[in-house]
Amino acid sequence: DHTKKMLEVFPAVGWAALRTDMEDPKKDIAFLFRSSPFGAVSHSHANNNDFILHVGGHVMVMPSGYYAGYGSDHHAHWVWHTKSHNCVTLSDAPQIMRSHESVGCIDHVFEDRQVVYFRGVADSSYADRAMCCRRHVFFVKGQQYFILVDEFVPKPGVASALQWNIHSWQEFDVDDKHRTFRLRRGDSILHGHLMHHQNGFFSLTDGWDPPPMAGKDNSQWHQQYHLRFTPSGLEMSKRNLGVVLCPAHDHLIAPLVETSLHDHAEIANVGDDLVMVNQGKRMTYKTYQTDALVLLVIEGKHYEVGDGGVTVN
């Protein structure tokens, strides 16, 4: 039943959880999101706007690394660090680490019969390099896909490359030409489509830097794999980077996704749905004109995202 409530948000602790079918793990998609008001201190990591994704009972996307001793080289310089999470980094710089001021929040929560939406705000976590660093999350219930849009405005006088990071137990299959990636674990698949049509590049790595301590049996450290997408060049003005994530399993076929660039709009046609991500002041595409950050059109219904959240018409 695609019309049922799927999202629960716990703003006091900065967590959101989306589940599509809790009664049948083989059909379930589970998406967990963190943007916490408690800062990057104690046992918390520098990972506001992080997410975890399970598809059909398989972990597809997760934070990487191991607890190899509190404050050990691996724990302090990989696990605590933003690069080990499914977050953006800025020219390899993490969020502000070990700080009570490195806070985030989840706001503008919206859900109706067709979509789920919320926003993670991590401006304070990137305050040394950014004026704005926010992650907008859509889930479309009918075709069961996600849209992630990272909104980035650099701090004046500070140039940074926006880097989109993701981690898995499985190796990534990448198509550089079409800016897509694919993960498979058992019967579960995740298709990723980068909505970026200027120069940009994937970086694929495995392992950890630094690795877990050598004093323990390394057979317990199962290999992990990492993908990073970097739009070329250093940002001196805003960038809005959109990614479409399409899960698939035995009971779900991923929709066909076609992406393109039209003036100031990055376009994704997801089945019969339209996604537009703004790269300028105003988007124009066919019959659509809007100043919104994101426009999603489903069965003639328009969802526009601005600073105040979602408006529907």
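Before moving on, here are some points about what is shown:
- Verdict on Gln144 being polar (S, T, N, Q), at positive phi, modelled with pLDDT of 95 or more and within 16 Å of the chain's Cα centre (by Cα): yes
- Extreme residue, nearest to Val277 (Cα to Cα), among residues of the stretch 229-257 that are open to solvent by 50 Å² or more (accessible area, probe 1.4 Å) and at pLDDT 95 or above: Leu256
- Verdict on Pro63 being modelled with pLDDT of 95 or more, in contact with a helix residue (DSSP H, G or I) (Cβ under 7 Å, 6 or more places away or on another chain) and open to solvent by 20 Å² or more (accessible area, probe 1.4 Å): yes
- Scanning the stretch 67-83 for residues that are touching a Ser or Thr at 6+ places or on another chain (Cβ under 8 Å) and open to solvent by 40 Å² or more (accessible area, probe 1.4 Å) yields one hit, Lys83.
- Candidates in the stretch 258-283 are the residues that are aliphatic (A, V, I, L, M) and surrounded by fewer than 21 Cβ atoms within 10 Å (Cβ to Cβ); of these, the one that is nearest to Thr180 (Cα to Cα) is Leu261.
- Elements of type strands (runs of 3 or more DSSP E) in the stretch 243-313, at least 2 residues being under 28 Å from Asp21 (Cβ atoms) and not β-branched (Val, Ile, Thr): 265-270, 273-278, 301-306
- Some residue of the stretch 64-87 being farther than 18 Å from Pro210 by Cα and not polar (S, T, N, Q): yes
- Some residue of the stretch 203-214 being closer than 30 Å to Lys27 by Cβ, part of a loop (DSSP other than H, G, I, E, B) and more than 21 Å from the chain's Cα centre (by Cα): no
- Residue in the stretch 93-113 that is acidic (Asp, Glu) and farther than 28 Å from His302 by Cβ present: yes
- For Ala127, the requirement of being open to solvent by 10 Å² or more (accessible area, probe 1.4 Å), of a type in the set (Gly, Ala, Ser) and farther than 24 Å from Ser203 by Cα is met.
- Checking Asp28, Asp24 one by one, the residue that is modelled with pLDDT of 95 or more, out of contact with any strand residue (DSSP E or B) (no Cβ under 8 Å at 6 or more places or on another chain) and charged (D, E, K, R) is Asp24 and no other.
- When Val137, Val55 are checked against the criterion of being open to solvent by less than 50 Å² (accessible area, probe 1.4 Å), in contact with a strand residue (DSSP E or B) (Cβ under 9 Å, 6 or more places away or on another chain), under 22 Å from Leu241 (Cα atoms) and among the β-branched types (Val, Ile, Thr), a single residue qualifies: Val137.
- Residue among Ser44, Ser99 that is more than 22 Å from Trp164 (Cα to Cα) and either in contact with a Phe, Trp or Tyr (Cβ under 6 Å, 6 or more places away or on another chain) or hydroxyl-bearing (Ser, Thr, Tyr) (or both): Ser99
- Among residues that are surrounded by 17 or more Cβ atoms within 10 Å (Cβ to Cβ), under 16 Å from Leu296 (Cβ atoms) and touching a Leu at 6+ places or on another chain (Cβ under 9 Å), Tyr117 is included.
- Options Arg179, Arg185; residue that is surrounded by fewer than 21 Cβ atoms within 10 Å (Cβ to Cβ), closer than 22 Å to Leu295 by Cβ and either of a type in the set (A, V, I, L, M, F, W, C) or in contact (Cβ under 8 Å) with a residue 24 or more places away in the chain (or both): Arg179
- Within the stretch 229-244, residues that are touching a residue at least 24 places away in the same chain (Cβ under 8 Å) sit with their Cβ atoms under 7 Å from residues that are among the acidic types (Asp, Glu) and surrounded by 15 or more Cβ atoms within 10 Å (Cβ to Cβ), at 6+ positions apart or across chains, in these pairs: Asn240/Glu151; Leu241/Asp150; Gly242/Glu266.
The values are calculated or read from the model by the stated rules, or taken from the named source; none is laboratory data. All values derive from a computational prediction rather than experimental measurement. Please note: Cβ atoms are built from the backbone with ideal geometry, for glycine as well, and neighbour counts cover all protein chains shown. For accessibility, only protein heavy atoms count, side chains too; no ligands or nucleic acids. Shrake-Rupley method; radii C 1.70, N 1.55, O 1.52, S 1.80 Å.
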